[in-house]
Amino acid sequence: MLAQDLGGDHYKFLVENLTTSDQSIEVQLRTNGPSGYGGVTVWYEDASNWVDIYIHPAAGWIAVMEVINDTPNGTSYPYPSLKDLTWYNLRVDVDSAAGTLAVYVDGTYLFTHTVTTAHRSGLSGLNSGNAGGYFDSFGLTSMDPPDVDGDGVPDETDGCPSSILAATVVIDSCDSGVTNTIFPSGCSISDDVNYCSVNAVKRRDFVTCLGKYLEYFRKARVLTSQQSDAIKACQ
């Protein structure tokens, strides 16, 4: 159980190292009188961009607070039956593509809020303020499609589901110093270099294959001539 009874607004208690977009998040909570509020936080990108959904019995509503580039934008939904010192189950089902937050209290659907923020990925957790309250039975289920290599491209559409994500292009032990660009397909420059290496029977096969890729990248302006030459110098 988590207790928060300090004065102030929008305290955050976040799950570290777990960035989510689509999710179902819920908690049992009880607010303290006379003005405590509490709820869940989603899409916490940084201190300037986050979304809170919280119960505020003293005000008689459930609120959604979007902070977008430090600018707050709050919407309240009347729910006059809320009471302090009473346990409630708050659940929010989050759809990042649609930008919707479906809100449930004690298993009953109440409303769907459509956000204006474009910042729809980040950390999740709890929030509280004023007189605070108590939290228990926190649950977070990510609905994001699997992305094993963590390159931001779902496995089902990832051309290279086990990408080489090194910061620069390295061939054997030679670091070219060239940024290892990751493409929308989910493949990186290093993945293409590795493809040439794995499928080469002789060294000249590797050199020919790599040359074709580098020429394509240069023409597509992914690489400059200098960057292409730096990679070639490592072959």
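The values are calculated or read from the model by the stated rules, or taken from the named source; none is laboratory data. All values derive from a computational prediction rather than experimental measurement. Using ideal geometry, Cβ is built from the backbone for each residue, glycine included, and neighbour counts are taken over all protein chains shown.
Details
- Across the stretch 97-107, the qualifying residues are those that are surrounded by fewer than 20 Cβ atoms within 10 Å (Cβ to Cβ) and not aromatic (Phe, Trp, Tyr), and the one among them that is modelled with the lowest pLDDT is 97.
- Residue in the stretch 1-22 that is under 14 Å from the mean Cα position of the chain (by Cα) and within 20 Å of residue 82 (Cβ to Cβ) present: no
- Residues (in a strand (DSSP E or B) and hydrophobic (A, V, I, L, M, F, W, C)) located in the stretch 43-81: 43, 50, 51, 53, 55, 61, 62, 63, 64, 65, 67, 68
- Condition met for residue 147 (within 30 Å of residue 189 (Cβ to Cβ) and either among the charged types (D, E, K, R) or not in a strand (DSSP E or B) (or both)): yes
- The listed residue being more than 20 Å from residue 78 (Cβ to Cβ), of a type in the set (Asp, Glu), in contact with a Phe, Trp or Tyr (Cβ under 8 Å, 6 or more places away or on another chain) and in the same structural domain as residue 96 (by TED's automatic domain parsing), out of 26, 45: 26
- Scanning the stretch 158-187 for residues that are among the charged types (D, E, K, R) and either closer than 18 Å to residue 210 by Cβ or in contact with a Pro (Cβ under 6 Å, 6 or more places away or on another chain) (or both) turns up 172, 175.
- For the stretch 56-87, a tally of residues being modelled with pLDDT of 95 or more and out of contact with any strand residue (DSSP E or B) (no Cβ under 9 Å at 6 or more places or on another chain) returns 1.
- Residue 84 vs. criteria part of a loop (DSSP other than H, G, I, E, B), assigned by TED's automatic domain parsing to the domain that holds residue 121 and among the acidic types (Asp, Glu): yes
- Qualifying residue in the stretch 82-93 (condition: under 24 Å from residue 144 (Cβ atoms) and among the basic types (Lys, Arg)): yes
- Check on residue 110, more than 13 Å from the chain's Cα centre (by Cα), in the same structural domain as residue 33 (by TED's automatic domain parsing) and surrounded by fewer than 16 Cβ atoms within 10 Å (Cβ to Cβ): yes
- Extreme residue, nearest to the chain's Cα centre (by Cα), among residues of the stretch 188-206 that are over 15 Å from residue 170 (Cα atoms) and surrounded by 12 or more Cβ atoms within 10 Å (Cβ to Cβ): 200
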